[in-house]
């Protein structure tokens, strides 16, 4: 799981993450948090997760990423990649 901090809400960040995740082939979801961060749960190979993390640091054009924190988490296997509200 990743928590992304900065100007990441209202700039198309979740759509960017979903598009990248589907291209890479990881499963999971992304959602806005009430404190202004974006949460990303991604499941895939170590290489695919490295690719996602690098993209989270970049974000879409209007985003300004300050920090990306990775936390290990145990969750059931997910299929596909969605945006949660």
For this session: Give the residues of the range 1-20 whose amide nitrogen is closer than 13 Å to a point set 7 Å from the Cα of residue 35 in the direction of its Cβ.
Result: 3-6
Problem set entry | Ellipticity estimate at 222 nm from DSSP helix runs (n ≥ 4, -39,500 (n - 2.57)) divided over the chain, nearest 500 | -9000 deg cm²/dmol
Exercise. Tilt of helix 46-58 relative to the longest C-alpha principal axis of the chain, in degrees (0 to 90, nearest 10)?
Worked result: 10
Exercise. Against the longest principal axis of the chain, how steep is helix 13-24, in degrees 0 to 90 to the nearest 10, with axes from Cα atoms?
Worked result: 30
Exercise. Taking every eigenvalue of the Cα gyration tensor of the chain, multiplying by 5 and rooting it, what semi-axes result, largest first, whole Å?
Worked result: 18, 13, 12
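Read-outs: derived from the displayed coordinates by stated rules, not from any lab. The structure displayed is predicted, hence computed values, not measured ones. Neighbour counts are summed over all protein chains in view; Cβ atoms, including those assigned to glycine, are modelled from backbone coordinates with ideal geometry.
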